[in-house]
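S.K.: Following this message is one structure expressed as structure tokens.
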Amino acid sequence: MTKTVYEYKRPKTLLNKGTGFLAGYTHSLNPYTGCTFGCSYCYVRQMPVSLFRGDEWGSWVDIKQEAAELLQAELRKAKSKGPVTVFMSSSTDPYQPIEHKEQITRSLLEVMAEERPQFLLVQTRSPLVRRDIDILLRFGSQVRVSMTVETDLEHIRKSFTPGAPPIQARLQALRDLAEAGVPVQAAVAPMLPCSGNFAELLRPIVSRVCIDDYWMGDGSGGKRTRRLGIESLYEQLGLEQWYGPTAYRTVYDQFKRLFAEEELYISQQGFEP
Ligand code: SF4
């Protein structure tokens, strides 16, 4: 396994305009550039930030220095122009392992708890988000933590995202957040092959689930995912029937038996403010 290269960078801007899949948000916010979870299907691999870098996605991370000060200034300015809604994060995981030490995400949350956006969505797959329950509670209903749980099968998780946290740890984090009173959702996104008990597993933990797949959710109608060659992983595993634009419907039907319609979201609508 190659060693991760960490670099400190001083960004010129932190808040980016919400576009495409995130058009429902005024801004997106990424505390880091790069992501050591290195998921096989990560569409950021196909985006300029990764392509121009040249190095393998997952092997490098830029740590944004003096981010809190910059965000405070940008947020004030943006809020003076109108309501601000923030999606954190679109091209990195704000709670990847380096956050334990660097606490960039925590510092950004501190700023936003003071200079409160109208709505903040925190998108992660890391149980480390629990550390910040104290700040998240200050947002009341103006925040939602969306935890990626693409499957309930740990061996599938290991095949597709060997560098990401185990499923059980994410479920426990969701339980802890919900019990503390932080609004949460489980993001089955992108949906991976799963068991017939997936909905049953999530039912006692969350009352909001979003299901997404490569075709609806990779921002290019599935083209980026095709370029990544993910289909061959399904073939190697003998799971080709799970790779296709209609495969999600079976899982959606499974969830529909246990979740009310207003608790279930499909793709983009589940990530909107
Ligand atoms: S956690 Fe998200 S940003 Fe990081 S590699 Fe996985 S899909 Fe990409």
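The values are calculated or read from the model by the stated rules, or taken from the named source; none is laboratory data. Please read these numbers as outputs of a predicted model, since none were measured by experiment. Please note: Cβ atoms are built from the backbone with ideal geometry, for glycine as well, and neighbour counts cover all protein chains shown. Heads up: the accessible areas ignore ligands, DNA and RNA and are worked out on the full protein's heavy atoms, side chains in. Shrake-Rupley method; radii C 1.70, N 1.55, O 1.52, S 1.80 Å.
S.K.: Using 24 Å as the Cα-Cα cut-off, could you pick out the over-long pairs in 9/158; 3/101; 12/223? Write down the numbers at each step before the final one.
M.R.: Details: 9/158 31 Å; 3/101 17 Å; 12/223 31 Å.
Check vs 24 Å cut-off fails for 9/158; 12/223.
S.K.: Then there's this: Indicate the gyration tensor shape class of segment 37-115 (rounded, prolate or oblate), computed on the Cα atoms with a ≥ b ≥ c the square roots of the eigenvalues: a/c under 1.5 is rounded; otherwise a/b larger than b/c is prolate and the rest oblate. Walk me through the numbers before you get to the answer.
M.R.: Values: a/c = 2.39, a/b = 1.72, b/c = 1.39.
Verdict is prolate for segment 37-115.
S.K.: Same structure, new question: How much net charge surrounds residue 15 when only the other residues with a Cβ under 15 Å from the Cβ of residue 15 are counted, with Lys and Arg +1 and Asp and Glu -1? Before the final figure, lay out each step's value.
M.R.: Working: positive: 12, 17, 64, 76, 77, 79, 81, 116; negative: 66, 69, 74, 115.
In short, +4.
S.K.: Further question on the same structure: Quick one: which residues, 5 or more positions from residue 152 or on another chain, have an amide H under 5 Å from its amide H? H modelled 1.01 Å from N in the peptide plane, none for Pro or chain starts.
M.R.: 195
S.K.: What is the antiparallel percent of DSSP beta bridges lying wholly in segment 85-213, to the nearest 5? Display every interim value, and only then the final one.
M.R.: Details: 0 of 16 bridges.
Expressed as a percentage, antiparallel bridges in segment 85-213 total about 0.
S.K.: Where q = 0.19 Å⁻¹, what log10 of I(q)/I(0) comes from the Debye formula for segment 80-160, counting one point per Cα?
M.R.: Debye curve over Cα of segment 80-160, log10 I(q)/I(0) at q = 0.19 Å⁻¹: -0.85.
S.K.: Aspartates and glutamates near residue 256 by alpha-carbon distance under 20 Å, same-chain residues fewer than 8 away left out - which ones?
M.R.: The qualifying aspartates and glutamates are 150, 152, 200, 212, 213.
S.K.: Quick check for you: with a 1.4 Å probe and neighbouring chains kept, what is the accessible area per residue of segment 5-271, in Å²? Don't skip to the end; give the middle numbers.
M.R.: Values: 11440 Å² over 267 residues.
For segment 5-271, the per-residue accessible area is 43 Å².
S.K.: Restricting to the chain, compute how many DSSP beta bridges are antiparallel as a %, nearest 5.
M.R.: Values: 5 of 31 bridges.
Expressed as a percentage, antiparallel bridges in the chain total about 15.
S.K.: How much net charge surrounds residue 243 when only other residues with a Cβ under 12 Å from its Cβ are counted (Lys, Arg +1; Asp, Glu -1)?
M.R.: Working: positive: 226; negative: 213, 231, 235, 240.
Once all neighbours under 12 Å are counted, the net charge is -3.
S.K.: Residue by residue through segment 35-47, what is 3J(HN,Hα) from phi via Karplus (6.51 cos²θ - 1.76 cosθ + 1.60, θ = phi - 60°)? Round to whole Hz and write x for glycine and proline.
M.R.: 7, 7, 5, x, 4, 4, 8, 4, 6, 5, 3, 9, 9
S.K.: Carbon and sulfur atoms: what percent of the 1.4 Å accessible area of the chain do they account for?
M.R.: Details: 6140 of 12130 Å².
Within the chain, the accessible surface is 51 percent carbon and sulfur.
S.K.: While we're here: Using the Cα centre as the reference, give the magnitude of the dipole from point charges on the C-beta atoms of the chain (Lys, Arg: +1; Asp, Glu: -1; all else neutral), rounded to the nearest 20 debye.
M.R.: 580 debye
S.K.: Around residue 28, which amide H atoms from residues at least 5 apart in sequence, or from another chain, sit under 5 Å from its own amide H, with H modelled in the peptide plane?
M.R.: 16, 17, 18, 87
S.K.: Could you pull the Cα extents of segment 5-271 along its three principal axes, largest to smallest, in whole Å?
M.R.: Result, largest extent first: 50, 42, 32 Å.
S.K.: Each residue of segment 7-15 in turn: what ³J(HN,Hα) in whole Hz from Karplus with 6.51, -1.76, 1.60 and θ = phi - 60°, glycine and Pro shown as x?
M.R.: These are the phi-based 3J(HN,Hα) values: 10, 8, 10, 9, x, 7, 9, 10, 7 Hz.
S.K.: How would you classify segment 182-224 from its alpha-carbon gyration tensor, with a ≥ b ≥ c the square roots of the eigenvalues: rounded for a/c under 1.5, else prolate if a/b is greater than b/c, otherwise oblate?
M.R.: Numbers: a/c = 4.48, a/b = 1.70, b/c = 2.63.
It comes out oblate by the Cα gyration axes.
S.K.: So who's got an amide H within less than 5 Å of the one on residue 60, skipping anything under 5 residues away but keeping other chains? H placed 1.01 Å off N, in plane.
M.R.: 5, 35
S.K.: What does the net charge come to around residue 123 if you take all other residues with beta carbon closer than 11 Å to its beta carbon, with K and R at +1 and D and E at -1? Intermediate values should be presented prior to the final figure.
M.R.: Details: positive: 125, 144; negative: 93.
In short, +1.
S.K.: Which Cys residues of the chain have no other Cys beta carbon under 4.7 Å away?
M.R.: Among the cysteines of the chain, those whose Cβ sits 4.7 Å or more from every other are 35, 194, 210.
S.K.: Classify segment 1-86 as rounded, prolate or oblate from the Cα gyration tensor: take a ≥ b ≥ c as the square roots of its eigenvalues, call it rounded if a/c is under 1.5, otherwise prolate when a/b beats b/c and oblate if not.
M.R.: Working: a/c = 3.04, a/b = 1.62, b/c = 1.88.
Oblate shape, in that a/c is at least 1.5 and b/c is the bigger or equal ratio.
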